[in-house]
Amino acid sequence: MPKYVTYLQIVLNPNSQKPGDIASELKKQGWWPVWGTYDFAWPWSAKWTADDSKEYWSKVNKAHTTMKKLNVSCSFRTYEWGKEDTPVYWPKNWKWTKAWSKK
């Protein structure tokens, strides 16, 4: 199981691309759609720590650049797994695997 997860919350505006296009782009990058306060999540590998800032900023910057291109405002929050301050619901078919964490 991952120890940390980064959540992405998106805010659409009249100039934003279609929600389906936004979701498609994020899923191509490996982000998982979730329900609740946040819209997408990135569960880090079990070995990842907050000291691995290069990997963290690489993933966050890539998603942020994509959101800017799609005219979407967004914010990121990282929590220890299970210590989120609001409810988050994952897809029923989501299972963390070592192969998935290499995306």
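Could you please find all residues in segment 25-42 being in contact with a Lys or Arg (Cβ under 9 Å, 6 or more places away or on another chain) and either in a helix (DSSP H, G or I) or among the basic types (Lys, Arg) (or both)?
GLU25
Go through segment 19-42 residue by residue and tally those that are surrounded by 15 or more Cβ atoms within 10 Å (Cβ to Cβ) and either among the small types (Gly, Ala, Ser) or without any contact (Cβ under 8 Å) to a residue 12 or more places away in the chain (or both).
Going through segment 19-42 one residue at a time, the tally reaches 3.
In the set SER45, SER16, which member is surrounded by 13 or more Cβ atoms within 10 Å (Cβ to Cβ), part of a loop (DSSP other than H, G, I, E, B) and modelled with pLDDT under 90?
SER45
Name the residue that is nearest to the chain's Cα centre (by Cα), counting only residues in segment 38-79 that are of a type in the set (Val, Ile, Thr) and over 11 Å from LEU8 (Cβ atoms).
THR65
The values are calculated or read from the model by the stated rules, or taken from the named source; none is laboratory data. Here the structure is a predicted model, which is why all the values come from computation and not from measurement. Backbone-built Cβ (ideal geometry, glycine too); neighbour counts: all protein chains shown.
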